[in-house]
Amino acid sequence: VAAQIPDPLSPPALAVQQKLADALRKIEGIGGVADLPSSRRSLALVAPDVLQQPQNHPLIRNFLLSADGQTVGVAAWLKPLKGSEAKRRIVDAVQEASHIYERHGYEPHTVGTPVLNVALDRASSRSVMLLSPIACCLSVIVLVLLLRSVPASVACLAGAAATVLWTIALMVLAGLTLNLVSVVLSALLVVLSISPGIHLASRYQAHPL
């Protein structure tokens, strides 16, 4: 969690950074937190000059404090997690904790691989929720025009719907959640299941019993 702070070494600014670091440490799933106030105090035991010019220290420069001394960061790393939902909960908790900066007039910026992954997963889910109804409507129209039979179209769609529902149900039973890759599974299953349905319906119409 990074923010631009005009005087990051002032007592009020250091207190806010410490408050954010303490809030992050309380989040379940956070493996550790590195913040400027704590690191500065620890390093001062072996390098006293770090108290005045912390950006000159190689362990702090461009990690917890920018070279110009205007941007500070509080770094947190996660414990090993299982499933996308656990990662989403932690990212939401981190972003909620970052509001501490906003309440003191600083604009927080939350970055990192977990944040990026969660943002991509949510963007993909929103796209699927928007495009899936449109795709279903177009599929129904094309099926009816292609097969020229409502019962045959219903049979194809029923097979595709059963395939998707059973697959998603098995994922839920296995404790799996949709992510950036698996979110396209529904559309792929519809294509794979409806194609043989069209062939079977066409064959039946050409050679009825």
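The values are calculated or read from the model by the stated rules, or taken from the named source; none is laboratory data. Every value quoted in this text rests on a predicted model; they were computed, and no experiment measured them. Ideal geometry is used to build each Cβ from the backbone, glycine not excepted, and the neighbour counts take in all protein chains shown. SASA here: full protein model, heavy atoms, side chains in, ligands and nucleic acids out. Shrake-Rupley method; radii C 1.70, N 1.55, O 1.52, S 1.80 Å.
List of remarks:
- The mean accessible area for residues of the chain, using a 1.4 Å probe and ignoring ligands and nucleic acids, is 62 Å² per residue.
- In this rough spin-label picture, where each label sits 7 Å from Cα along the Cβ direction, the residue 126-residue 204 distance is 4.1 nm.
- Carbon/sulfur fraction of accessible area - the chain, other protein chains in place, 1.4 Å, %: 67 percent
- Note, ³J(HN,Hα) from phi for the range 14-29, Karplus 6.51, -1.76, 1.60, rounded to Hz, x at Gly and Pro: 5, 5, 5, 4, 5, 5, 5, 4, 5, 5, 5, 5, 7, 6, 5, x
- For the range 64-72, 3J(HN,Hα) computed residue by residue from phi via the Karplus equation (6.51, -1.76, 1.60; θ = phi - 60°) reads 9, 8, 5, 4, 7, x, 10, 10, 10 Hz, glycine and proline entered as x.
- In the assembled protein chains, residue 45 presents an accessible area of approximately 150 Å² (probe radius 1.4 Å).
- Span from the the range 162-209 Cα centroid across to the the range 74-110 one, whole angstrom: 37 Å
- Cα-based helix-to-principal-axis angle, 113-147 vs the chain, degrees rounded to 10: 10 degrees
- Amide H contacts under 5 Å for residue 71, placed H, 5+ residues apart: 5, 66
- Alpha carbon convex hull of the range 4-52, volume per residue in cubic angstrom: 81 Å³
- Interchain or long-range residues, amide H under 5 Å from residue 9's placed H: none
- Here the alpha carbons of the range 97-209 define both size measures, Rg and Dmax, at 21.0, 77 Å.
- Between residue 4 and residue 169, the contour length at 0.36 nm per residue exceeds the alpha carbon distance by 54.8 nm.
- Percent of Cα pairs exceeding the 17 Å cut-off, where the set is the range 147-206: 44 percent
- Lysines whose Cα lies under 25 Å from that of residue 19, excluding same-chain neighbours fewer than 8 positions away: 79, 87
- Note on the chain: Cα convex hull, mean projected area over all directions, 15.9 nm².
- In degrees, nearest ten, helix 84-97 long axis to first principal axis of the chain (Cα): 40 degrees
- Amide proton proximity set for residue 78, modelled H, under 5 Å, gap of 5+: 31
- Degrees between helix 185-206 axis and first principal axis of the chain (Cα, 0 to 90, nearest 10): 10 degrees
- Taking the three principal axes of the alpha carbon atoms in the range 67-144, the coordinate ranges are 65, 30, 24 Å, sorted in descending order.
- Here the Debye sum runs over all C-alpha atoms of the range 1-91 as equal scatterers in vacuum, and log10 of I(q)/I(0) at q = 0.13, 0.26 Å⁻¹ comes out as -0.46, -1.30.
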